[in-house]
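The structure appears right after this line, and notes come after that.
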Amino acid sequence: MIKKFIEEVILQTGQVHQVQDYSTAGEILAQIAADHQLKSMVASTDEVIRPLKIMEWANKKGIEVKTADNFKDRASFKDYAFGQADAGITGVNYGISESGTLCLVHDINQPRLASIAPLFHIAILTADRLVPEYEQAVENIYTGSSTPPSQVSFITGPSMTGDIKAQSFKGMHGPKHLIIILIE
Amino acid sequence: MKTISMFIPCLADLFLPRIGEATVTLLRRLGLDPIYHDAQTCCGQPAISSGHMDSAVKAAKHFIQIFEHDEIIICPSGSCVHTVKHQYPDLLKKEPEWAHRARRVGAKTYELSQFLVDILGTKDVGASFSGSAVYHESCKNLRRLGISDQPRKLIDAVKNTELLPLKEADVCCGFGGEFSIRFPDISEAIVAQKVQHFINSEADILVLSEPGCLLNVDGYLQRHHPEKKAMHLAELLSHTE
Amino acid sequence: MEINTHRFTETAKKELKNEYSRVFLDIFRQHFPVLRKKAMASFPNPDKALEKSAAIRADVVARLPELLNQFEKNAIRNGAKVFRAKDAKAANEFIVNLAKQRGVTYVTKGKSMVTEEIGLNQALEENGIKAFESDLGEFITQLLDRPPFHIVGPAMNIPVEEISDIFQKKAGMKDPTLDPVELGQAARVYLRNKFHHVEMGITGVNMAVAETGTIINVENEGNIRMSKSSPKTQVSVMTLEKVVENMADALHLVRVLCRSCTGQKLSAYVSMDSGPKKENEIDGPEELFIVIVDNGRWNFYDDSQSREALKCIRCGTCLNICPVYTKVGGYPYGWAYSGPMGQVLTPLLLGLDRTKDLYHACTQCGACSEVCPGGIDHPKMLHEFRIRQTRIRPRISFKKNDIIDFFEFALWEKMVVHPSLWKLGVTMSRSATRQKNAVRMLKKTNGPVKNWTQSRTMPQIARKTFHERWNELRDKK
């Protein structure tokens with residue numbers, strides 16, 4: 001499943017970095033930030049990204065990271081996500097190996113714009129959250145008596161288009177780069 | 001062996017009787033003695049496709065009365081066979097007795113290549129033609145009767161003939177009956193491309209299994225590329241050198 | 001949207017001469033079906049996958065009222081507001097009022113054919129609200145004021161020079177370029193600003209899941225996610241037929257849709273909304289409005305033949321494989337919907353009178369119905385419209401075409417059942433098709449012969465028909 005997941009992501013020009021633990025993930029993240037000159041990031045606060053301790057990491061590495069609770073309202077959050085953040089970094093609820101798809105359940109800890117506005121989306125995924133098909137993710141999210149999440153996003157590769165001359169390229173309105181750090 | 005009754009489509013009767021003649025030659029060469037009912041005229045397909053169902057019903061009843069006592073009916077046109085087998089029962093559904101008679105006739109009506117390969121079990125019909133050929137898949141044969149292998153096997157078995165691939169062989173030739181007359185510009189664009197694929201294939205002949213398709217493509221060839229040849233499958237299969 | 005269905009033939013004639021469009025139309029027909037087939041092969045059994053999607057759609061259409069009610073109930077339970085719009089006017093008024101009440105000066109829009117059908121952009125503009133199409137193809141056609149060329153690629157046929165030009169004029173692009181990537185970048189910059197500050201996003205709906213009250217959108221560019229995440233108000237517009245019973249069915253259809261549309265296993269983004277944002281979420285809409293548009297569909301729903309048209313999932317496969325569409329492109333179909341699916345839906349919504357060419361411009365080749373995930377038999381439906389049209393028309397009328405039609409088949413009928421008349425007819429017409437002067441006259445007179453011989457030689461009745469030849473052949477064994 002891991003192998004298939006990675007193959008599918010690469011087909012979409014996404015990148016996958018496999019690491020053993022969160023501290024190595026932090027090192028890889030620093031490398032990624034250096035490689036692409038990412039100076040500022042907007043981050044989610046979901047349970048998958050939490051062990052990364054991103055604010056501490058940010059301080060250590062001299063990179064600016066903000067989360068939703070750093071902003072007093074939607075407008076200032078949007079200004080940052082659209083205008084300042086070089087990257088959005090989020091956890092992922094499920095990785096689906098069928099097509100190398102990331103499933104994000106949006107809630108107070110998983111703002112929507114973090115994974116769509118900045119040019120880079122860095123996604124933290126733990127291997128125990130890999131499932132073979134969309135159905136397993138959807139069943140876990142939508143069955144039960146509680147109201148469904150306001151939004152669930154399936155992300156497969158960076159944003160793209162082929163609308164001009166049928167020539168396709170990445171990075172239309174959403175991220176141009178999708179980088180996944182897979183923690184085993 | 002059952003008696004073979006020939007159903008020769010109206011377009012062949014009027015404009016391309018050589019298709020009928022080739023069918024006779026071919027069947028006789030195979031040791032069969034086909035009969036032809038003089039009273040046959042048209043299966044009604046033109047009326048059906050333009051929506052004139054009342055007129056079509058009359059044609060269908062005429063057809064059924066002529067052919068229903070035959071043992072096997074064969075026709076060098078998949079579209080006509082489709083009309084008889086698949087459209088007649090629906091056309092006559094308000095008169096169950098007629099619909100029943102239609103289904104009985106339909107069950108014993110076959111397109112020519114289907115008859116030769118699937119019923120007679122023959123691929124080599126003793127034909128020979130020196131040259132290369134490409135085959136156009138007529139829409140009704142391919143999609144309504146599931147006939148595609150049979151003509152290819154027959155062409156392949158013709159002595160000295162090489163069957164070459166034809167680009168977009170399964171794309172419509174642009175005839176579509178009334179379509180070619182109602183929308184001549186679009187029809188022309190479609191048949192022009194079919195012919196271009198034929199020319200690009202460098203094959204000597206284009207083989208078609210529908211009189212309508214042949215009239216369409218050959219009419220365009222004669223106007224624009226008179227040196228290129230198209231023929232009906234029956235003509236190729238009746239050909240000897 | 002302006003209706004030009006009655007101009008099919010003249011527009012087709014013009015479009016046939018557009019060499020540039022013809023190149024892309026060939027690409028649609030020669031490459032997209034290959035991509036689709038390759039993608040469908042990732043199903044363990046592609047044929048069964050199509051059967052299943054067809055079965056799902058057939059079930060949806062059969063139970064449409066019940067499923068829509070269930071969807072509405074659950075969407076409302078999730079906190080969405082649902083408005084059932086009887087027609088274009090009602091839908092547009094509702095949305096315009098929403099915008100006005102909230103002081104919205106502009107909206108960003110995801111690609112939505114129903115919003116073209118109802119003419120929403122025009123209604124907004126008439127009320128001083130600018131609508132920015134944000135899908136790259138739609139953005140281009142909007143700036144150029146053109147109808148869509150294709151469901152999936154509305155601007156594929158537009159030369160890059162024209163795009164560069166209009167981007168410089170209207171999208172703030174500084175320097176000319178012929179590079180699609182650079183043009184895309186220019187559009188990104190221009191529209192990004194709009195996404196950033198937008199207060200109302202308008203999207204279509206690919207699927208509305210009844211069981212969970214969820215709407216699903218499928219896209220590659222990210223403009224729909226932007227329009228759903230950035231503004232305080234989200235309006236999603238759907239026609240009746242977009243509903244589906246449960247998530248399992250939705251997932252299957254999404255798989256088939258993406259493979260059919262663009263040859264992808266899944267498009268880059270699939271977003272599923274169940275109500276507005278929850279209280280403490282920092283982005284996402286505070287209000288989610290779902291507009292369910294009727295616009296004539298309930299009118300034909302009771303006819304079991306007509307309602308087959310509602311099975312369409314808007315994948316565009318039928319366009320790519322149609323010999324007619326891939327010669328003339330989208331413009332001749334004269335409205336929001338083109339290709340076989342347009343030929344099947346438009347007459348039902350606009351009436352058989354104004355759309356005569358749409359249901360006649362089909363060779364009945366059947367390529368479309370073979371690949372349709374919805375299981376629609378397009379040729380059969382178009383044939384049904386032809387039958388209905390012969391019955392609406394008075395049997396006796398003095399319009400030229402009607403007179404021809406009347407005689408054509410009234411006469412034909414007699415000849416077919418009386419073989420002697422058939423033979424007489426042959427004898428009488430034979431010289432008309434063989435004699436030089438007669439042929440010349442026929443070729444000049446408006447009618448079937450002139451149309452046929454425009455590009456082909458005159459079909460001549462043989463010196464001896466097969467009937468006549470048989471008399472000789474019968475005995476010559």
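I'm trying to understand the selection: among the residues of the stretch C:200-221, which are among the polar types (S, T, N, Q) and either touching a Pro at 6+ places or on another chain (Cβ under 9 Å) or part of a loop (DSSP other than H, G, I, E, B) (or both)?
C:Asn206, C:Thr212, C:Thr214, C:Asn220
Filter the stretch C:126-158 down to the residues that are in a loop (DSSP other than H, G, I, E, B), surrounded by 19 or more Cβ atoms within 10 Å (Cβ to Cβ) and modelled with pLDDT of 95 or more and list them by number.
Across the stretch C:126-158, the qualifying residues are C:Ser134, C:Asp135.
Suppose we filter the stretch B:19-54 for residues that are more than 7 Å from chain C (Cβ to nearest Cβ) and over 22 Å from B:His82 (Cα atoms); how many remain?
So the answer is 7.
Show me the helices (runs of 4 or more DSSP H) entirely contained within the stretch C:15-104 in which 1 or more residues are within 14 Å of another protein chain (Cβ to nearest Cβ) and farther than 27 Å from C:Pro154 by Cα. Let's see the steps before the verdict.
Values: elements: C:19-40, C:46-62, C:64-77, C:88-101.
Output list reads C:46-62, C:64-77.
Output yes when any residue across the stretch B:216-228 is under 25 Å from B:Ile74 (Cβ atoms), surrounded by fewer than 21 Cβ atoms within 10 Å (Cβ to Cβ), among the hydrophobic types (A, V, I, L, M, F, W, C) and modelled with pLDDT of 95 or more, and no when none is.
no
Residues checked against (1) closer than 29 Å to A:Glu133 by Cα; (2) within 12 Å of another protein chain (Cβ to nearest Cβ); (3) at pLDDT 95 or above:
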position	(1), (2), (3)
A:Gln31	no, no, yes
A:Lys66	no, yes, yes
A:Phe71	no, yes, yes
A:Arg74	no, yes, yes
A:Phe82	no, yes, yes
A:Ile96	yes, yes, yes
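Give me a count of the residues in the stretch B:125-155 that are farther than 27 Å from C:Pro379 by Cα, in a helix (DSSP H, G or I) and not charged (D, E, K, R).
Selection size over the stretch B:125-155: 2.
Would you confirm whether any residue within the stretch C:69-89 is without any contact (Cβ under 8 Å) to a residue 60 or more places away in the chain, farther than 20 Å from C:Glu308 by Cα and basic (Lys, Arg)?
yes
Taking only the stretch A:103-136 into account, find how many residues are outside any loop (DSSP other than H, G, I, E, B), under 21 Å from A:Ser159 (Cβ atoms) and either over 11 Å from the mean Cα position of the chain (by Cα) or within 11 Å of another protein chain (Cβ to nearest Cβ) (or both).
Total satisfying the criteria: 9.
Could you check how many residues of the stretch C:16-42 are modelled with pLDDT of 95 or more, farther than 20 Å from C:Ala367 by Cβ and among the charged types (D, E, K, R)?
Matching residues across the stretch C:16-42 total 1.
Scan the stretch A:141-150 for residues that are over 18 Å from A:Ser99 (Cβ atoms) and surrounded by 15 or more Cβ atoms within 10 Å (Cβ to Cβ) and jot them down.
Of everything in the stretch A:141-150, those that are over 18 Å from A:Ser99 (Cβ atoms) and surrounded by 15 or more Cβ atoms within 10 Å (Cβ to Cβ) turn out to be A:Tyr142, A:Thr147, A:Pro148, A:Pro149, A:Ser150.
Identify all residues within the stretch C:184-214 that are touching a strand residue (DSSP E or B) at 6+ places or on another chain (Cβ under 8 Å), more than 10 Å from every other protein chain (Cβ to nearest Cβ) and of a type in the set (A, V, I, L, M, F, W, C); write none if there are none.
Hits for the stretch C:184-214 are C:Met200, C:Ile202, C:Val205, C:Met207, C:Ala208, C:Ala210.
When you scan the stretch A:156-172, do you find a residue that is of a type in the set (Val, Ile, Thr), surrounded by fewer than 19 Cβ atoms within 10 Å (Cβ to Cβ) and at the interface with chain C (Cβ under 7 Å from one of its Cβ atoms), even just one?
No: the stretch A:156-172 contains no residue that is of a type in the set (Val, Ile, Thr), surrounded by fewer than 19 Cβ atoms within 10 Å (Cβ to Cβ) and at the interface with chain C (Cβ under 7 Å from one of its Cβ atoms).
Considering C:Val439, C:Val416, C:Val426, which residue is in contact with a His (Cβ under 7 Å, 6 or more places away or on another chain) and either facing another protein chain (nearest Cβ under 9 Å) or assigned to a helix (DSSP H, G or I) (or both)?
C:Val416
Identify, please: which residue in the stretch C:243-291 is β-branched (Val, Ile, Thr) and more than 23 Å from C:Ala210 (Cα to Cα) and is, among those, nearest to the other protein chains (Cβ to nearest Cβ)?
The qualifying residue nearest to the other protein chains (Cβ to nearest Cβ) is C:Ile282.
Looking only at helices (runs of 4 or more DSSP H) that fall completely inside the stretch B:9-103, which ones have 3 or more residues that are among the small types (Gly, Ala, Ser)?
B:53-67
Where the second residue is in a helix (DSSP H, G or I) and among the hydroxyl-bearing types (Ser, Thr, Tyr) and the first is modelled with pLDDT of 95 or more and lies in the stretch B:184-198, which pairs have Cβ atoms under 6 Å and are six or more apart or on separate chains?
B:Ser187/B:Ser180; B:Val191/B:Tyr220; B:Val195/B:Tyr220
The values are calculated or read from the model by the stated rules, or taken from the named source; none is laboratory data. Owing to the predicted nature of the structure, the values given are computational and were not obtained by experimental measurement. When we count neighbours, we look across all protein chains shown, and the Cβ atoms used for this are built from the backbone with ideal geometry, even at glycine.
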